[in-house]
Amino acid sequence: MNKINIKEKNRKELEIVCSDIREEILRVVSKNGGHLSSTLGATELIVAMHKVFDSQKDPFIFDVSHQSYAHKLLTGRWEEFDTLRQFNGLCGYTKPSESTDDYFVAGHSSTSISLGVGAAKAIALKKEENSRIPVVMIGDGSMTAGMVYEALNELGDRKYPMIIILNDNEMSIAKPIGAISRVLSSVMAGPFYQKFKKHTENFVDNFGEGAHYLAKRFEEGLKLITPGLLFEEMGIDYIGPIDGHNLKFLIDTLELARGMGKPVIVHCQTLKGKGYEIAEGKEEKWHGVSPFDLESGTSSKKSSSKTATQIYTEALIHLAQKNEKIVGATAAMPSGTGLSDLIELYPDRFWDVAIAEQHAVTSMSALAKEGFKPFCTIYSTFLQRGYDQVIHDTCLMDLAVVFALDRAGIVGEDGETHQGVFDISFLRAIPNMTLFAPRDEKSFHQAMAFASEYQHPCSLRYPRGSFTATSLPESIGFKLGKSQLLRSNNSDILFIGYGNGVGRAYETAKLLDKDVSILDLRFVKPLDKEMLLQMSKKHKKWYIFSDSAKMGGVGSAILEFLAENEIIKISVISFEYEDEFITHGNTQLVEESLNLLPKQLASKIIF
């Protein structure tokens, strides 16, 4: 299907388009999995955007962009939509290489207004203000991040023309105050109020500061019962809140905002999961879903294996029950990181700080300074957003914060923006930081016990889903900088596994005709130098198995050790990820494309 030309459609026809879009999203997401509640709720907003603006000219910038499925369907990707989040299929986020209607790659939150400001500056420099305008859609959850206010601060000062659609689907910015709020919203979104405001501004310009003061006080008095005062004080015009599912009102309001020639926030209230009653409301489980049955809403994906996240939750609950000093935080991912159970059990000790990774890291550092034992629980990919704080606020002070990094390694369908591959590389360079990783359920509990007693910054990583399913030798307790030799023989070959890579090393070894020695490295910083020196005397070919980037990763750490000790007769081959971003898709298919399945790795082993 070609692009849907909605500019020629009337309001009734646009309602039908919205209905068709919702049906298609539900059909495909129930089959493939993906983001659901937020993208259903944003349908009318996106249709209205395309009715009023032109995504080929106007930069359409979606914050996070997980809510952009309707945009994909409107821009010529209906026939491909069945491939959403599949290997070699459509990405679950905006992606310019996929379509020229996608302005920017997005996957992490709170970047959209900064992108809009940058685009507005470029438009001004090119003198294209009369033909182009950035249109930003941002959710209320993303408004918790400081980057948003950095961008708003400059935008309010520079006054670049720009439309910001605030998609408020949690009512966290402000609740409507009954009929009064509805009337005021209608008045403030209407052309009469905006014209009156402009004429008043022109009029009082002739009467000095006193008239300005009185006019300002009158307007502020009107706005005290609306949520727009914050934005207006920052120098950005505000319209709303308005009904984000009323197409006529949305289109009229966006047309009005476009003609104002200044930065405008249009505050729209929407219902998550709109059109699919089972998902309507605020339930976090419908934010991102695995395949499910449309009729009942029950998940189609059944797994008997315990996930690493479940093991983490169990271990942390066990430790928290014994030690009241143990506290923790997550950044808007309580269920995804397994911290929701802790928040429910100990609401005064465990917190969801919203989309604010920098704040999460720094606030936990202060708790460590006060003698508590914080577990800062964040996806590997999201800790990138708090990197300066890890260096400056945790490690510089040598504070005993534990960074528990969920989703380390390939995460599958979320793709490039979410693959947890860089944490070893960017954390290993920081003084005072200790890095270690469990390989299975028992070793995870032991790693957590070690972390709870360790009095310095440390980080442990673990995969999305379950650990690699294989029978591994019994795990022993964790000791700082000590590895565990799992299998030893006189082979010339040594497999070194780290974290989930240990299971992959074992699975690869099973496919070989000859035995190899296998070492669970456990600590990549500090390394077990005594064990590695011992291994260098027996084995001359070392193969590295780790779900991490090759550059700066486990293999790099091993090579640095060998160089420092002038050990030159060891051949090191790393099966870590090459220097490229990793695409989305089923994890096994992605690993197969990278030649990292055990059967593929076994063919690379040279005796």
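Values in this text are rule-based calculations from the coordinates and carry no lab data. A quick note: this is a predicted structure, and the numbers were derived from the prediction, not measured. Reconstructed Cβ throughout: ideal geometry from the backbone, glycine too, with neighbour counts over all protein chains shown.
Observations, loosely collected:
- GluC sites (Glu not before Pro) restricted to DSSP loop in segment 508-607 with at most 14 other C-beta within 10 Å: 566, 578, 580
- Net charge of Cβ neighbours under 15 Å - reference residue 381; Lys, Arg +1; Asp, Glu -1: -3
- In segment 295-373, trypsin sites (Lys or Arg not before Pro) in a DSSP loop with at most 10 other beta-carbon atoms within 10 Å: 301, 302
- For residue 510, a cut-off of 19 angstrom between C-alpha atoms picks up these lysines, skipping any fewer than 8 places away in its own chain: 541, 599, 604.
- Cα-based shape type of segment 454-514, given that a ≥ b ≥ c are square roots of the gyration tensor eigenvalues and the cut on a/c is 1.5: oblate
- The C-alpha atoms of the chain define a longest principal axis, and helix 357-369 lies at about 60 degrees to it.
- Cβ-based charge dipole, the chain, positive-most Cα from 387, 74, 134: 387
- Net charge over other residues, Cβ less than 15 angstrom from the Cβ of residue 164 (K, R count +1; D, E count -1): -4
- Counted by Cβ distance under 14 Å from residue 16, the other residues give a net charge of -2, where Lys and Arg count +1 and Asp and Glu count -1.
- Checked against a 29 Å cut-off, the cross-linked pairs 285/550; 442/525; 159/272; 12/121 give Cα-Cα distances beyond that limit for 285/550; 159/272; 12/121.
- Taking Cα atoms only, the orientation of helix 43-52 departs from the longest principal axis of the chain by about 60 degrees.
- Magnitude of the charge dipole for the chain, about its Cα centre and with charges confined to Cβ atoms of Lys, Arg (+1) and Asp, Glu (-1), is about 680 debye.
- Segment 308-461 shape via C-alpha gyration tensor axes, a/c threshold 1.5: rounded
- Per-residue Cβ neighbour rank within 10 angstrom, fewest leading, 584, 35, 445: 445, 35, 584
- Degrees between helix 554-564 axis and first principal axis of the chain (Cα, 0 to 90, nearest 10): 50
- CD proxy at 222 nm, helix term only [per DSSP H run n ≥ 4: -39500 (n - 2.57); per residue of the chain; nearest 500]: -11000 deg cm²/dmol
- Set of lysines near residue 325 by C-alpha distance (under 16 Å), chain-local residues within fewer than 8 positions excluded: 369, 373
- Projecting the Cα atoms of 488, 551, 561 onto the charge dipole of the chain (Cβ charges, centred on the Cα centre) puts 488 farthest toward the positive pole.
- Here is the result for segment 20-76: no GluC sites (Glu not before Pro) lie in DSSP coil with at most 15 other C-beta atoms within 10 angstrom of their C-beta.
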